[in-house]
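Chemist: Take this structure first; my questions come after.
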Amino acid sequence: MAVRIRLTRLGRKKKPFYRIIVADSENKRDGKFLDVVGTYDPLQNPAAISIDNVKLQEWLGKGALPTTTVKSLIKKAAASVQ
């Protein structure tokens, strides 16, 4: 079972809102997930990224791999904190 940290889409048509989740790589995009690590709202200016660093580090320590999009969101969230 390969575990990935990825986005799941919420919100209505033309108004996207995303959760950063931990899920089995074989599950559907909006399907079953293990944990919610954060949120991403691209419609705000600047885009709002909220990540629970404790949960994120826990899952990365267990071997979960982030997708390229989530990896860039983690870098942007870390840069905005400093």
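Throughout, read-outs are computed from the coordinates displayed, never taken from laboratory work. Predicted model only: the values in this text are computed from it and were never measured. Every residue, glycine as well, gets a Cβ built from its backbone with ideal geometry; the counts of neighbours run over all protein chains shown.
Chemist: What net charge do the residues around ASP41 carry, taking every other residue with its C-beta under 13 Å from that of ASP41, with Lys and Arg at +1 and Asp and Glu at -1?
Modeler: Computed value for this residue: +4.
Chemist: Here is a further query. Which number do you get for Rg(Cα) / (2.2 N^0.38 Å) in the chain? Walk me through the numbers on the way to the answer.
Modeler: Details: Rg = 12.4 Å, N = 82, 2.2 N^0.38 = 11.7 Å.
Against the empirical 2.2 N^0.38 Å value, I get 1.06 for the chain.
Chemist: Tell me the net charge near ARG6. Cut-off is 14 Å between Cβ atoms, ARG6 excluded, with +1 for each Lys or Arg and -1 for each Asp or Glu.
Modeler: +3
Chemist: Please report the spacing between the Cα centers of region 1-31 and region 42-82 in Å, no decimals.
Modeler: Their Cα centres are 14 Å away from one another.
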